[in-house]
Structure formats: structure tokens, C-alpha cells
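The values are calculated or read from the model by the stated rules, or taken from the named source; none is laboratory data. Please read these numbers as outputs of a predicted model, since none were measured by experiment. Every residue, glycine as well, gets a Cβ built from its backbone with ideal geometry; the counts of neighbours run over all protein chains shown.
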Amino acid sequence: MFGLKYKLEIFNFIIKNFSNIIFLLIGFLLFALPFAINLYFHEPEHTERIGVFLLNKEKKIILLKYYLELIFSLKFLLFLFINFFILIINYYVDNKNKFFFVVPFVVFISSILAPVIFFIISNKSGLIYHFNNNIIICSFIFVIIGTINLYYKFIEHNKLVYFNSLIYLIFFIFVFTQSYIHVNKNYKNINLKNERNEFSNLMSLVSKKNLSQSSILTLDNNVMIWSIMNDIKTLKITNGLIVPKKNKIIEKEIIDAFNFFNISKEKFLVFLKNERQTWRYFNRNVANLFYARYQANRLKTYKDSKNFKKAELNKIMKSSPALNQQIIIPVNEMERLEKKFDQSNNLNYQEPDIIILNRKNFIYKNSNFDLENYCILFDGKFFISYTNKNCQQ
């Protein structure tokens, strides 16, 4: 009888709120449809570059072990205890409005369970660190809500109206001061201001060209974005995250650019070199072209390769599965790219109409190309630009 009564209540609820449910469903479909279309027509290799990979049984075990070790670590248990402590105090102080702080706490607990459930049922995963970030964010929101609730109960109980106003004033002064310091720091950064002004002046010159019929060669991300937004006909090289190109096309573009600028194979290998930083391996050049294609940690490497130099492999095996922003190219993959460079030629390469180089960029520092067909369009402290011989256009 209880089960029948419960089912009838659900049925009555659906009938009563049928129009609202349909409205919510249509709203969800409208928001979800673009993502569904994108997933259906997407370029698989672009998906690889943004960090999506298949989860087999072995990888799931690694991930579940990682999260269980994380959850039962002393630091995380202390972190969890603090959140529980805030919940209990709020529940004791303000039992009547428990919904106000219980809901964000449930969301926080859900953020801990979500990755475990997701990895069990999903056949794919992506950038693991987003799950960790979500736990921190949900905890932060709960702590803020819980603290504010306790603060108001304290003010209400002690009738400290003036104290409340003082706290507001102190908070306002603190936020304003921090914002002012941050903005003023950037404003007084002369190099940053000059670079922005120079970029603006350069783009004003370039915009006078017939962009819909022009091609641009650049490795500067800001110039790439500007070019896409201004309907440039052809970008000779593009950031691997910006457009859904195949990897072989991106490889050909960068090799063609090296040949065009007359840069040696040795410099090409330096351009792609696995660079050890303080806490990870990371090469900005590789990241701009391929991003997470060559991510390397104990969960995921390129094609699950173990063909790395000894120091690199040791670092990989010690790296957390959440270290998705570590980039290491396997030895055999580097050899393949070297061979592709050797076999390349620029016989059919169409020279760009406009060249824009950032003076801090590797290409500019190592270029030695023939300027016979080009003249200088812009020569600044941060950027230099060339255009073809039709300089009066």
C-alpha cells in the first residue's frame, strides 16, 4: 500500500507540474543540442589535443586507487573534518534554517564522490585536475556560506549592529585595496602597456590590407585570435586548440614554416625538446601546437608509450594522474618528427602575404629567411612584420 501511495504521489506531481517539466526539458535540449552537434561532427584528433582519452580497466584501477589514496590521506581527512565541523556548528546554532547550509555541504560531498562514480561508469576521461578543482571550489562555497551564517547568528544574538557595519566597512576597504593594488601594478607595468599599444598599432596597419584575400604567418597566439576574428583568408599556422585540424596538418604547417624561415633541423628539435621545469616537464611551443596530445603522467602518455629517457620516465611514473599539463614527447615520436622534417620540402609552399613575428618567439630568434620578396610593414620593440613586395597596397 505504501508503495502504491508513493507511486500515485509521483504521478500526481508529474500531472500537476507537466507544463513546467516540459519547459525544463525543452530548455535542457536547447542548451545541450550545440554540444551534441559538436560531439557528432568533431575532429577526433582535436579531442585528443584537448586531453580526452579512453579509459580501459587498467586506467580505471589507477584512477580509483589514486582517489582512494587521496580521500584517506591525512591532509584530506583533516580537510574533510574542518568541513564537517562547520556543518555541525551551523546545525547546532541554526537548526531551523538547516537547508541553507546542508545543501551546499551535500554538493561538497557529491564533488568527492563524483569522480569515483564517473570513472567507474565512463569509458573516457579528460583533464583529471578539474575534478580536484571542483572539490576545492565546492568546499570553499560551503565554508563561506557556513561562516556567513554563523556570523549573522552571532550578530543577531548579541545585537551588534554597529559591529556588523564595521565588518562590512573593513571588508569593502580590503577588497578595494587589493583590487587597486592589482590594477595599479599592471597599469604601471610599462613593458606590458607598451606591448599592448604596439600590438594595437600593428593590427591597425594590418587591418588596412585586404584580409579576406590575404594569408598570415605567425606563431603569436594573440595575432592568431585577432586574425580569426577579422576573417583572414588563411592562417599558415594555428594553435592546436583553436581549430579542429588533424595533427598531420599541424605538423606539416610548422615544418613548412621552419623551412620557409630557413631554420635548421637541429633548431627544430630544440623547438620541440622536452624541457624540465621546477615541478614538471613542459614546452610552451609544443603546448601551443598540440597541448594535451603529449601529456605525460603515470595514467596517460602518448599512445601509452614507455619509450622515454630514463629521467623522463622516472618523473612520469612519479607524477599524479591529475598532472595533465606535463608534456613529454616519447623518443620514437621525436624520431618520427625528425624524419618527417628530413623528408619535407617547400616546393608547393605558398608564401604568406603577411608575416608577423613576436621578438620573444623562438622562430624570430632563429630565422634566417630571404627578404627579397618582402619589405618591412612594422618594426617595433616587441613585434616585427613583413609584407610582400606590394607594399603600397
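Here Phe174 clears all of (1) outside the structural domain of Val331 (by the TED database); (2) within 23 Å of Phe383 (Cβ to Cβ) except the condition numbered (2). Criterion first (assigned by the TED database to the domain that holds Ile225 and more than 17 Å from the chain's Cα centre (by Cα)) does Leu289 satisfy it? Judged against the criteria, Leu289 is not a match. Reported count of residues in the stretch 91-134, each being touching a residue at least 12 places away in the same chain (Cβ under 8 Å) and closer than 25 Å to Ile327 by Cβ, is 14. Of all residues in the stretch 183-200, those satisfying the criterion of being polar (S, T, N, Q) and either under 23 Å from Asn239 (Cα atoms) or free of Cβ contacts under 8 Å to residues at least 40 places away in the same chain (or both) are Asn184, Asn186, Asn189, Asn191, Asn197, Ser200. Does Leu192 satisfy the condition of being closer than 30 Å to Phe290 by Cα, part of a strand (DSSP E or B) and at pLDDT 75 or above? No: the conditions fail for Leu192.
Applying the set (1) crowded, with 17+ Cβ neighbours inside 10 Å; (2) under 30 Å from Ser200 (Cβ atoms); (3) at pLDDT 90 or above to Gln326 leaves exactly one unmet item: (2). Identify, by number, the condition in (1) under 23 Å from Asp256 (Cα atoms); (2) surrounded by 15 or more Cβ atoms within 10 Å (Cβ to Cβ) that Gln213 doesn't meet. For Gln213, the failing item is (2). Pro244 fulfils the conditions (1) under 30 Å from Ser319 (Cα atoms); (2) crowded, with 21+ Cβ neighbours inside 10 Å except for a single criterion, (2). Has the stretch 213-228 got any residue that is part of a loop (DSSP other than H, G, I, E, B), aromatic (Phe, Trp, Tyr) and touching a helix residue (DSSP H, G or I) at 6+ places or on another chain (Cβ under 7 Å)? Checked against the condition, which is being part of a loop (DSSP other than H, G, I, E, B), aromatic (Phe, Trp, Tyr) and touching a helix residue (DSSP H, G or I) at 6+ places or on another chain (Cβ under 7 Å), the stretch 213-228 yields no hits at all.
For the stretch 1-35, the set of residues classified as closer than 30 Å to Asn247 by Cα and either at pLDDT below 80 or surrounded by 10 or more Cβ atoms within 10 Å (Cβ to Cβ) (or both) consists of Ala32, Leu33, Phe35, listed by residue number. Applying the set (1) more than 26 Å from the chain's Cα centre (by Cα); (2) surrounded by 13 or more Cβ atoms within 10 Å (Cβ to Cβ) to Glu48 leaves exactly one unmet item: (1).
Within the set Ser179, Ser204, the sole residue that is under 30 Å from Glu372 (Cβ atoms), part of a helix (DSSP H, G or I) and of a type in the set (Ser, Thr, Tyr) turns out to be Ser204. In this structure, is Tyr281 crowded, with 17+ Cβ neighbours inside 10 Å, at pLDDT below 95 and either within 26 Å of the chain's Cα centre (by Cα) or over 30 Å from Tyr66 (Cβ atoms) (or both)? So Tyr281 fails the test. Of the helices (runs of 4 or more DSSP H) lying entirely inside the stretch 57-137, the ones with 2 or more residues being more than 21 Å from Thr47 (Cα to Cα) and of a type in the set (S, T, N, Q) are found at 74-93, 98-121. The number of residues in the stretch 261-289 being within 13 Å of Ile327 (Cβ to Cβ), touching a residue at least 12 places away in the same chain (Cβ under 8 Å) and outside any helix (DSSP H, G or I) comes to 7. Filtering the stretch 336-393 to residues that are under 18 Å from Ile216 (Cα atoms) and part of a helix (DSSP H, G or I) leaves Phe362, Ile363, Tyr364.
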